[in-house]
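What follows draws every value from the coordinates through simple rules; no lab data is involved. Predicted model only: the values in this text are computed from it and were never measured. Neighbour counts are summed over all protein chains in view; Cβ atoms, including those assigned to glycine, are modelled from backbone coordinates with ideal geometry.
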Amino acid sequence: MNDFRVLVDEMKIRGYSRKTIERYLYINSKFLDFAGKSPKDVNKSDIERYLIRLYDLNKSSATRHLVCATLKFYYEAVLKRRFGLKYPKKASKLAVVLAKEEILGMIGATKSQKHRLLLMLMYGSGLRLGEAIRAKIEDFDIKRKAFHVKSGKGSKDRIANLSERFIENFAAFINGRSSGYLFESAQNYGRHISSRTAQKIVKNALRKAGISKKAHCHTLRTSYATHLIENGIDISYVQKLLGHSSLKTTQAYLRLSANSVSSVKSPLD
């Protein structure tokens with residue numbers, strides 16, 4: 001791998017997560033393999049040719065946008081090159097939203113108490129996958145019906161709400177434990193379950209519930225936000241519950257709300 005010490009140091013200074021640093025290093029390495037040059041010899045046309053190559057390979061607009069953002073950061077923000085790279089146009093696709101009845105069907109079709117609780121937490125509190133699997137017992141305040149999300153996206157803490165259904169099952173599941181990961185790994189003592197394990201849990205729950213939609217772990221969070229908005233919760237409050245830095249991010253869920261469509265009277269009626 002090329003020497004990206006300057007890039008890594010800058011990302012650490014800015015407080016980027018380890019996962020983001022790894023992703024940026026991977027993208028930069030793949031680009032240099034394509035260009036066949038060292039970073040000091042890279043020019044604007046090299047990056048543009050790479051983005052065209054990704055387009056020709058039918059890579060998604062989101063992938064091409066991420067690659068461009070990564071290369072812009074390294075070559076323009078860190079190495080101070082005046083490339084003036086333009087972001088590829090992002091496709092405006094609507095995310096999948098599950099109905100509450102579908103999610104309850106997933107929970108009901110899941111036999112494992114541990115797996116059911118994970119589904120309840122991700123949907124009932126709108127947690128990101130990483131936040132859910134890293135949840136610790138000591139961070140739950142059952143009396144306040146709240147969960148302290150520590151070091152969420154952007155290393156930000158926040159308070160998430162807890163559902164009554166989750167609370168009813170929580171005490172029975174922890175069985176007197178007062179600390180440690182809520183979802184402990186069966187293979188690695190003292191560690192939490194992996195992202196892949198959580199993804200399999202959701203995939204199996206979808207299959208058992210007979211849901212054919214292209215849903216995944218993040219769909220539970222998307223559905224949580226959309227259902228809150230449909231229930232009349234102020235969008236600025238939804239923003240805080242989700243831990244979004246920008247209200248614009250939260251406003252995307254307005255497009256997913258069935259109420260925003262059903263409330264419009266058709267000219268045919």
Quiz item: Using the alpha carbon gyration tensor of segment 183-231, what are the three equivalent-ellipsoid semi-axes (square root of 5 times each eigenvalue), largest first, in whole Å?
Solution: 25, 15, 7
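So for segment 1-134, considering every pair of alpha-carbon atoms, how many percent are separated by more than 25 Å?
Details: 4086 of 8911 pairs.
Percent of Cα pairs beyond 25 Å in segment 1-134: 46.
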Quiz item: What is the pair-distance distribution P(r) of the chain, computed from all Cα-Cα distances in 10 Å bins starting at 0, with each bin given as a whole percent?
Solution: 6, 23, 28, 24, 15, 4, 0
Exercise. Could you state the angle between the C-alpha long axis of helix 44-56 and the longest principal axis of the C-alpha atoms of the chain, as a value from 0 to 90 degrees rounded to the nearest 10?
Key: 50
Exercise. Assuming 0.890 mPa s and 25 °C, estimate D for segment 56-96 with Stokes-Einstein, Rh taken as the Kirkwood radius over Cα pairs, in µm²/s.
Key: 216
Exercise. Rounded to the nearest 0.05, what FRET efficiency do ALA69 and LYS111 give with R0 = 45 Å and r taken as the Cβ-Cβ distance? Could you check?
Key: 0.60
Quiz prompt | Projected area averaged over orientations for segment 133-209, convex hull of C-alpha atoms, nm² | solution = 6.2
Quiz item: Can you give the extra length, in nm with one decimal, that the chain gains between ALA186 and ARG23 once fully stretched, where that is 0.36 nm per residue apart less the Cα-Cα distance?
Solution: 55.9 nm
Self-check item: Environment charge at LYS114 (Cβ cut-off 14 Å; Lys +1, Arg +1, Asp -1, Glu -1)
Solution: +3
Quiz prompt | LYS136 long-range amide H proximity, modeled H, under 5 Å | solution = LEU182
Quiz item: What is the magnitude of the charge dipole of segment 100-257 about its Cα centre, with +1 placed on the Cβ of each Lys and Arg, -1 on the Cβ of each Asp and Glu, and no other charges, expressed in debye to the nearest 20?
Solution: 520
Exercise. Answer rounded, prolate or oblate for segment 87-167, using the Cα gyration tensor with square roots of eigenvalues a ≥ b ≥ c: rounded when a/c is under 1.5, else prolate when a/b is larger than b/c, else oblate.
Key: oblate
Quiz prompt | Size of electric dipole in the chain: Cβ of Lys, Arg +1 and of Asp, Glu -1, about Cα centre, debye, nearest 20 | solution = 540
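I need the shape label for segment 100-257. Rule: rounded when a/c is under 1.5, else prolate if a/b > b/c, else oblate, with a, b, c from the alpha carbon gyration tensor. Mind dumping the intermediate values first?
On the way: a/c = 1.62, a/b = 1.19, b/c = 1.36.
Oblate.
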Quiz item: Cα axis of helix 18-35 to longest principal axis of the chain: angle in degrees, 0 to 90, nearest 10?
Solution: 40
Quiz item: Picking from PHE83, GLY130, ILE211, whose Cα lies most toward the positive end of the charge dipole for the chain (charges on Cβ: Lys, Arg +1; Asp, Glu -1)?
Solution: PHE83
Exercise. Taking only the C-alpha atoms, wrap a convex hull around segment 1-70 and report its volume per residue in Å³ as a whole number.
Key: 93
